[in-house]
Structures are given as C-alpha cells and as structure tokens.
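See structure below.
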Amino acid sequence: MKLKYLFIGSMIGCGGLTACQDQLDFNEYANYDKNYMMESYENVGGLVTSIYAQLDSDWGNYGGATLASACDEAEYAWTSSSVHDFYNGSWSATNTISNWSKNYLAIQQCNMYLEEFLGLTFPDLRLNSDYDAQMFRYNNYQYEVRFLRAYFYFNLVRQYGDVPFTDHFMSADESNSLGRTPAKDIFDYIISECDEIKDLIIEDYANLPADVVLPSESPETGRVNKATVLALKARAALYAASPLFNTENNPELWHRAATANKELLDYCVNNRGMKLVDDYASLWDKNNYKNATDELIFGRRANKESSSMESYNYPAGIEGGKGGNCPTQNLVDAYETTDGYPVRLVDGVWKAEGSTVFNPAKPYENRDSRLKMTICVNEEVEWPTWNETPIYTYQGGANGQPLNGGTPTGYYLKKYCQGDIDLRSNSTYKSAYHTWITYRLGEFYLNYAEAVFRYLGNADATDAEFTMSARQAASMTRERKGVNMPAFPLRMSNEDFWEAYKKERMVELAFEGHRFWDVRRWKEGGFTSIGRMLITKNSDDSFTYTRSIKALVWDDKMYFYPIPDSEIRKNPNLKQNPGWDK
C-alpha cells in the first residue's frame, strides 16, 4: 500500500452526497500542517468532507461504461471502453482496473482524523452565535468517520477477500509491511464498528433535538446517520454469510445476516416511518430528494448538475446520444408478464405459457412495469421525453446497428437517465442533479429474504424471531404500488424460490451496482455469456426476433480481483490472490 500522510481537505472534482437534498460544501486546501488544521472548524470539517468525497458511485467509471456492462446486465456499445477487460481475457495483476489505492488513502485519512482531530474545542469560535450547533456537528464527525472507514474496508474485502488491515495511522514503511487479514475478521470488524457507533451517531439530521439549530436552511441530510450505519452492517453481514466467504455454510452467519437486516428494516419502518415508494422511477429522478425519501436511506449526489449519464446512454441516432450501456436479453428475460409468467423466445416465437395478458406480436407490452422504467425497447416513444420520433433498434433502424454506437443487444438504458434532459443544440435544459443510490429499503427486504431463507431452510418458514417469511419479504418489492406484480406463491420448492429470488433481485436492483457482486458472492459460476436480441423489420412492418449469444471469458479466479502487481512488489508480506500470479 502506498499511503501518504496527507492533511488535504479536498478531492478536486469529486461529487457531494445526499440521502435527500443537501450537498456537502467542498473546500480546497494546500498541504497544511496539523496545527493549522486544528485552528479552524472549517478546515477540520473540510477534511471530513474530503473523506466523504471518496465514496463510490458509478456514472460510467470505465470510459462511460458502468459495472453493469462487466456482467450480464448490459453490454457497452463502444469497444474502446476498459470495461471489456473484465471479460475479454485482458484482466490481470498489471491491468487491474483497481481502486485499491483510493480505498486505502481514504482509510488512512480516517485513521489520521481519529488519532489527531478529536477533542478539539475551537476557542476562537466560542463567542459565535452558532458555536453550539457547530460543536454538535463536530462531535458527530468521529462517528461518521468510523462509519466511512468501515465502508471502505467493506469495498476492499468485497473485491479482494483477505486484505491488509490497520485501524491506526501508519507510515508508508509500516503500511508496506502488512500481511493480509482474513476476510472473516474484516467483516467482523465492520459489523462490530457499526454496532459500537449506531447508538452514538445522530439518528436523523432532519429531526434534531429542539435545542440544536444548524446554521442552514435545510438539515444535513447528506451525512451518515443511524440508518446508514445499520445498512452497512446489514449488507456486510449478508456478504459474510454468502458462499464465497462462508465456505462451510455456517448457519450462524446466516442468522447474523437475517438479524442485521431485520434490525435495519424494523428501525426504518417502525422508527422512521419509511416504506417502499409507489413510483419506482422516482428513486433516481432529479426530485428524488423530495419524492423518494421514504425509501432512500443514503445516496451520493453529484456535486454539480450533469448530463454525462444521458450523453453516455441516450440512444445512438438522436442528437447527443452515444448508445452506451445497453441492457442484455438476460436482463429483459427476468421481467415477467403482469400476471407473473416468464416470457421466452422459442424458435422465433414469443411465448408466456399460462399468461392471459401476453401478446406475442407485442412482446414488451403487459410486462412488469419496471421493464419500461428501466429499459428502452424497439418502437419506444417519447424517449427521451422530448424526442418526437420512435426509437427503432432493429437492424438498419434509425437507432440500431450498423450505426456507430448502435445497440448490440437490441435495447437502450433508461434507468438513472433523466429523460427531460435535452441534449439538442438548441436546448436550454441540458443538465440536472443525479443521485447514486447507496442504500435503499428495497435492497434490505431482499437481503432479509435471502438470509432468512438460508437460515430457516424454506421460503415460507417463520419462527418467533423472524415472523416475516422469505417469500413475504421477497414479494415486497413486487407488490409495491406502481409495480403491482403478484406475490410469490406459497409452497414453492427451494429450487424454484431461489431462482425466482435471483430474478427478482436482478429486476429490482438493476444498474444499482449489485449484480456484478451478487453472482460472485453466490459462487454459482461467473459470467460466461450474455444474450442479445437481433431484430429485423419485415415487409409488412412486423418484426422477426432472433436471440444470439456473446461468449465471455470467465475463470474462477475472477471471484476476487487481482491485487495490483505494483502493490505486491512494494510489500513482501502481501501475497497475490490465487490464479492471478500467472
């Protein structure tokens, strides 16, 4: 690890964050010494803000491509993107596509803050009218920083398994002598940290004690609170129980995961009055800080208005559109008919056996409403909302191949794009705020369902501790108003429930950064292929559909990332992950 002793309070160009509406202010600092930093509340706060700025989001981190295009959710239309290295055989310890150093830099800053910047009183501010409010903020920073440190360790253990660990500030020489701490111990640390700070951190900036008045028009909803801490604990417990890490299938790890996710759900629903929002698409629109706060637990908001998500992903063939992350047929197949039946293309004919609403001539109609909110299909109208012509993704169509950037899969992405952003040259509305969803309630109903299913051994099972069954919890995201899909039926076999659960998770959490990691932690085999839909237009204006397969390179070593070779060479005690040293 190359860790530097930094007293720098900014990561220039990084985004702010918010669970609802506020942005954190960013201040730029030079290499000031510790004493200078301690003199100013603003400088200390800026240091904390710089750590927040390193939280991850994915608006196209791989040359416009998102991590969805490194798995079976999407295929990136442009071959120049580094995302293709994940599955084309180019991935290696010298071509790591890694954020190893970024996470460890953030951890080093956290350790530095917790060792050097606690217990300050800022005497020069005592006569200020807002002194008590500022100290209230400052005294909460230590718990925010402890959360952030645990969060960055979660990112590392999820990617690499066993990783070097330290909870105190180290010199570069010390850090470059650390060996790898077992993943189990890292998860235990994360969960223990969350337990220690959950009742110490501010519960809700939007509902502060009456004697605390913060000097802003709106409360600091962009900062970590109790629900955020419980969310990290719940997600970490689920990962720790999953087969990739729980190699002996220890039931107590599943029990811990079920308990942690239940704790989060109970707190959010019973203490905070949270619920699944009726409008699924409101989770990522520009007004989500007002319209989706019932479900959003924590998110990372861009620090300025942007249109990069739209320019990367609007359909090729419209002004300003590049095609980008094109949803796969694998993902489209996961969306059932509105009466709950799977749709398949069999010998060129669309079928949904058992459905009374499906029309083979219109295969994307009468489907789970999340399909149209997530994916742009052939003949889509009003996408983006200002576009006056239908989107034609068939071969030779206005938005299909062989157009540069034309979709290779037959589909374009809508989720996370704000359709009223108008990229035409004569437009005056070209950008808006975007929020990356870090934690939301829908994920944790699904997490709970998985953990309870594995612990109790049956989708319908309950006991005195877990009174909501896995089947009931997994149905919550389907039954939300605005989606209105049928609940999973009683008495499903374990095999059928597990397949249905994975499909529901793929649909509900599409493009939110879960699928790439889910398939790895389940350890059921990696991404060996993706499906595409080749659409051709017939002389009678009907369409012929042909499914094709694109093969992907997979090796079981890819369950974990390779540690960068540069780090291995610096540290003789740092050993490479199996398979990556060849």
In this structure, does residue 527 turn out to be more than 30 Å from residue 249 (Cβ to Cβ), out of contact with any Gly (no Cβ under 7 Å at 6 or more places or on another chain), open to solvent by 10 Å² or more (accessible area, probe 1.4 Å) and modelled with pLDDT of 95 or more?
no
Elements of type helices (runs of 4 or more DSSP H) in the stretch 464-534, at least 1 residues being touching a helix residue (DSSP H, G or I) at 6+ places or on another chain (Cβ under 7 Å) and of a type in the set (S, T, N, Q):
470-479
So the check is Cβ under 8 Å with 6+ separation or different chains; which pairs have a first residue in the stretch 39-64 that's within 30 Å of residue 312 (Cβ to Cβ) and a second one that's of a type in the set (Asp, Glu) and modelled with pLDDT under 95?
49/25
Say whether the condition of being modelled with pLDDT of 50 or more and touching a strand residue (DSSP E or B) at 6+ places or on another chain (Cβ under 7 Å) is met by at least one residue in the stretch 36-56.
yes
With respect to the numbered conditions (1) under 15 Å from residue 443 (Cα atoms); (2) of a type outside the set (Phe, Trp, Tyr); (3) open to solvent by less than 50 Å² (accessible area, probe 1.4 Å); (4) outside any helix (DSSP H, G or I), which one is the sole condition not fulfilled by residue 320?
(1)
Filter result (open to solvent by less than 60 Å² (accessible area, probe 1.4 Å) and part of a helix (DSSP H, G or I)) within the stretch 238-255
238, 239, 240, 241, 253, 254, 255
With the checklist (1) open to solvent by 10 Å² or more (accessible area, probe 1.4 Å); (2) of a type outside the set (Val, Ile, Thr); (3) touching a residue at least 24 places away in the same chain (Cβ under 8 Å); (4) not in a helix (DSSP H, G or I) in hand, flag the one item residue 281 doesn't pass.
(4)
As an exercise: evaluate residue 92 against (1) at pLDDT below 95; (2) open to solvent by 10 Å² or more (accessible area, probe 1.4 Å) and give the number of the one condition it does not meet.
(1)
Hey, among 167, 132, which residue is part of a loop (DSSP other than H, G, I, E, B), open to solvent by 10 Å² or more (accessible area, probe 1.4 Å) and acidic (Asp, Glu)?
167
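The values are calculated or read from the model by the stated rules, or taken from the named source; none is laboratory data. What you see is a predicted model; the values in this text were computed from it and never measured. Note: ideal-geometry Cβ built from the backbone for every residue, glycine included; neighbour counts use all protein chains shown. Note: areas computed on protein heavy atoms with side chains; ligands, DNA, RNA excluded. Shrake-Rupley method; radii C 1.70, N 1.55, O 1.52, S 1.80 Å.
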